[in-house]
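First up is the structure itself, then whatever we jot down about it.
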Amino acid sequence: MPATWIGKGAVESIGCDVAAAGAELVVMDCTLSPGQQRNLERRWQCKVIDRTALILEIFGARARTREGRLQVELAHLTWQRSRLVRSWTHLERQRGGFGFVGGPGESQIELDRRLIDDRIARLKRALETVRKRRALQRQARAKVPYPVAALVGYTNAGKSTLFNRLTAAGVAAEDALFATLDPTMRRIALPRGRRIVVSDTVGFISDLPTELIAAFRATLEEVALADVILHVRDIARPDAAAQAESVRRILSDLVAGEKLASATIEVWNKIDRVDGPGLERLRNRADRANDRIRLVSALTGAGVDGLCAEVEDLLGAARRRMAIRVPYEKGAALAWLYDRGAVVERTDDEAGSLLIVDIEQSDCRTLDSRYGLSTASGIADAPARP
C-alpha cells in the first residue's frame, strides 16, 4: 500500500501487538518514504524507522575516528534532508529577518533545509580533505610500492578477525554488525618473503543505502585501487550465497569487471563452525568451482597459510625472474632487493653478488633510477627455472 507500505490489515494487527507490548519503536525491514513513516507513526503511536535509519544508527554508534564520524554524519544528514516534512507540524510559522539569507517570510522548513545544506557542504569539504590526504598517502606508498590486499565482504563475515590473524594488529573484532567502520592498514610478509599491505574495510550489506556509498567513497577507494581483493564470506551461514551476491553487486560498481575477475580470491571463512560432512561438501564445491577459493578459519588459523600462498602466487604473476649483478659498493641496492623481491639464488665472487630474483617490472626501473643498476650494467632475463 503506498500510504503505509503494508496493507490495512497488517497495520491493524501490528498496531495491536505494539499496544500490547508497550513498544516505543518499530523497525521496518524496508525503505519507507517520509509519508509512509509519518502515517505508520500516527497509526501505531510510536516511533517508526526503516532499514536505512537503523543502519545509520548502528554506524553512528560504531564510528570511532574523526573520518568515520564525518562519513556517518554526512550520510545521516543526506537521508534526513528528505524527511524534514515529517519533523515539523508548524510549517506555516514564519520568522522575520534581514539581509539576503533567511529574509522575511522564510518558513521553518526552509530554514532547516538551509542549515542542513550548509552542514552537508562543510562535511563534504572536510571529507574531500580526507580524500586528498589518502591520495598523498598512496603516492608515498607508491615510492616504496608494496602491493595492497583489501579485505571486503558482508558485515560480520570475520574480516577483522582475519586481519588480526594475518597482521597481529589487535583491531577490534566483534560478533556484531558493522564492528569496523574505519579502515586499518598493516604491512606483512608472505611465506616466500614478499611484503604486502593488508587493508581492513567497512562491511557491506544488501541494499546498502546510496547515502552510505557516497559518504564512504574515500574509504571504498582503497578497495578499488587494491592489487588483490580478498572477498571474505561467512560460509557457515545458510544465506552465504545471497550475501556473496550482494557484495559482488557493490564491488561491480567500484572495480572494473576485468580486474574484479582477475584480482579476487574468495575466502570461505568460519569453517570451524561447519561439521565434518559439511566441510567435505564445501571442499568439493570449491574444487568444482575452478576459481581461486580458500577455506579458512580466521579464529583458529586453519587454512590461513594456504591463503597467504595463494595471494603470493596471484601477485607473482606480475613478476619477472631476473639475474642481477650487484657490486659490493652498492650494498644498499642489495638490501633493497632482499626487501622488495624474492631472492631465489645468490652467488658471491670478487666482483660482487649475482642474484636470481623474482621482482616487479616497476622495481627494475627503481633499480635503474635509484641505484644505477640497468640492463647495460648486468641485468638480463634469467633463464627459466622449474
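Among the lysines, which have Cα under 30 Å from the Cα of Lys8 when same-chain residues fewer than 8 positions away are ignored?
Straight-distance partners of Lys8: Lys47.
For region 233-328, what does the convex hull of the Cα positions come to per residue, in cubic angstrom?
158 Å³
Considering the alpha-carbon set of region 1-49 alone, what are its Rg and its Dmax in angstrom?
9.8, 27
Computed from the mean reciprocal separation of all distinct C-alpha pairs, what Kirkwood hydrodynamic radius does region 213-283 have, in Å?
13.5 Å
On alpha-carbon atoms, Rg over Rh for region 301-356 using Kirkwood Rh?
We get a ratio of 1.13 for region 301-356.
Only the coordinates and a few stated rules stand behind these numbers; no lab work does. These numbers were taken from a predicted model, which means no experiment stands behind them.
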